[in-house]
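Read the structure below first, then the notes.
The values are calculated or read from the model by the stated rules, or taken from the named source; none is laboratory data. These figures come from a predicted structure and were not determined experimentally. Here the Cβ is made from the backbone with ideal geometry for all residues, glycine too, and neighbour counts use every protein chain on show.
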Amino acid sequence: MVGGVDAFRIGVGAGFAGDRIDPADALARDGGLNAMAFECLAERTIALAQLARLTGASQGYDPRLRRRLAGTLPHLLPNRAVVTTNAGAANPQAAARDVRALIHELGLPPVPVAAVTGDDVLDVLDRGNAQLWEDGRTVADLGDRVISANAYIGAQPLLDALEEGARVVIAGRCSDAALFLAPIMHHQGWSLEDLDRTAEATLVGHLLECAGQLTGGYAAEPGRFDVAGLSRLGFPFADVAADGSAVYGKLPGSGGRLDCTTVLEQLLYEIDDPGRYLTPDVGIDFRAVTIDDLGGDRVRVAGAVPVGRPEQLKVSVGVRDGRLAVAEIAYAGTGCLARGRLAEQIVRERWQEVHGLDGAQLEISYVGWNSTRPWWEPEGADPLEIRVRFALRTPEPQHAVMLCEEVEGLYTNGPAGGGGVVTSVTETVGIVSTFIDRDLVDARAEVLA
Amino acid sequence: MIAPLRLGDFCVARAGDKGDSSILMLAPTDPARLPDVVASVTPEVIAGHFNLDVSHVRLHPSPGLGALTIMLRGRLGGGVTRSGWAEPHGKTLSAHLLDLKLSGEPADGRIPKETSHDLE
């Protein structure tokens, strides 16, 4: 094995809730894995799942979990591999029961399945003193708009579950890295008290957690950074050696590219200060990490240095945030931008004069011109087609509908040649962040027999 | 006239988000050029290119890695869960960064307005 006789091979089966299914199936089938982790939980997913659960619209966990496991467990479980995921979202226990049923339906021998709970801190959070990172107010100030509060818990309860014999561990909110950390620590017999080992294993999790982002797809640019086989991009795995270093690879024949550039881009992905990357289990200094290209889409990475363990955990608070209305209309040909700007002027004036509202509350940008950067005004030749994009966030449901109607009204009333109106109104959930003392969070594993 | 060097001519970049902040990594394809990048890509230049007050910009060079990380506070219209923008993750801002011309001037654009979004 590439990483040495004692290497432990862990692969990633999903890098986000909407990730592809088939690369995980292939990696589980042909990868010779000892463990596979599925990262499926975006920041607001728990709040949305909590809302859906309250209305009876869902069980509160990721509806794609079954599809992800149906193609992978038949390869993983007979080979004694373990599986971790955060797809339990707002209801890990129900998800764990469902996975047990799935294992039975697949005709596989039963294995212990664990649910990790305790990340839900809605009832233990001291709302009056829990200050929001965003604006210094407290959670209590948000009143009854608060839907959920979940702490980013670390790897300990997942590790406990594995030590009690669980083969599939279903968590809700935990650090993404914990999904990888727990199986590695369990296999190597490392303790989370050993911060050096914890830092190295967390680095493995950090590099793998976005799946295809490590194997080059997200770096691809024709002519500048060519990557072959992107329609069959392979998900990565790591061979973690007993010294904590790891060699990363992907299946032979899969698409993608794994080299120093793709690893460096992912190493620093979403990292503000590389000298102090905070996770629930350890703070890490990445600045001395070494990246060695071994050729053949294999890269060796090591050198994460611990900088202590945070005393407090991050809490994501889900907040009812009113409605978001988005309405667009297209214009084409010479002068389309000018006609679009006239449409903007018309809608702003009507918002003010007909409806008596503040026209400045409408956020207006031009798809094909500046919609990804509404704070930016390009120069140069006018585009030959654009969509004017009107957006409004509002607590008033009727105002959201009114914006859609105003944009639709541009059809016959002008400017000239407007078409292809699309509108949407969604109930939105915002996420704000606060801290909780680690000691107040009772994270634990429950292994279903 | 020789066109000014674009960051994208010799660097790669990747953008991500945390709340209302955009976090970008920037690395020259030849790590030996990091000092040139650090000398040119100052907080003031980045603030101009992203239409932010310089107090909202934080840079962390990592000489050992041959890369620079850039934090832009309040550049995502409220962040992915709260923004009404077309691309609230700011994933596309890596390409915006690579379009920066090293004369220090914003590339092909002028800055229309400052925007801010506070939690209501």
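The residue that is farthest from A:LEU48 (Cα to Cα), among those in the range B:95-104 that are more than 10 Å from chain A (Cβ to nearest Cβ) and outside any loop (DSSP other than H, G, I, E, B), is B:LYS101. Scoring A:GLY322 on the criteria (1) modelled with pLDDT under 95; (2) of a type outside the set (Ser, Thr, Tyr); (3) under 30 Å from A:GLY31 (Cβ atoms); (4) in contact with a Pro (Cβ under 6 Å, 6 or more places away or on another chain) leaves a single failure, condition (3). Candidates are the residues of the range A:384-417 that are away from chain B (no Cβ under 14 Å) and farther than 16 Å from A:ALA330 by Cα; the one that is surrounded by the fewest Cβ atoms within 10 Å (Cβ to Cβ) is A:GLN398.
Looking across the range A:263-308, just one residue is basic (Lys, Arg), within 13 Å of chain B (Cβ to nearest Cβ) and surrounded by 17 or more Cβ atoms within 10 Å (Cβ to Cβ), and that is A:ARG287. May I ask you to list the residues in the range A:418-439 that are outside any strand (DSSP E or B), surrounded by 13 or more Cβ atoms within 10 Å (Cβ to Cβ) and not basic (Lys, Arg)? A:GLY418, the sole residue that qualifies. Within the range B:51-62, the set of residues being touching a helix residue (DSSP H, G or I) at 6+ places or on another chain (Cβ under 8 Å) and either facing another protein chain (nearest Cβ under 8 Å) or among the polar types (S, T, N, Q) (or both) comprises B:ARG58 only. When each of A:ALA95, A:ALA101, A:ALA115 is tested for being without any contact (Cβ under 8 Å) to a residue 12 or more places away in the chain, small (Gly, Ala, Ser), outside any loop (DSSP other than H, G, I, E, B) and under 21 Å from A:LEU448 (Cβ atoms), the lone residue that passes is A:ALA101.
Considering the range A:143-174, the residues that are under 19 Å from the mean Cα position of the chain (by Cα) and farther than 16 Å from A:GLY205 by Cβ include one that is modelled with the lowest pLDDT, namely A:SER148. Condition check for A:ALA381 on (1) more than 14 Å from every other protein chain (Cβ to nearest Cβ); (2) exposed (fewer than 14 other Cβ atoms within 10 Å of the Cβ): one failure, at (1).
Every residue, every condition in (1) of a type in the set (Asp, Glu); (2) surrounded by fewer than 24 Cβ atoms within 10 Å (Cβ to Cβ), yes or no:
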| site | (1), (2) |
| --- | --- |
| A:PRO23 | no, no |
| A:ALA26 | no, yes |
| A:ARG29 | no, yes |
| A:MET36 | no, no |
| A:GLU43 | yes, yes |
| A:ALA47 | no, no |
| A:GLY56 | no, yes |
| A:GLN59 | no, yes |
| A:PRO63 | no, yes |
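With respect to the stated conditions, A:ALA201 is more than 29 Å from B:PHE10 (Cβ to Cβ) and either buried (at least 23 other Cβ atoms within 10 Å of the Cβ) or touching a His at 6+ places or on another chain (Cβ under 9 Å) (or both).
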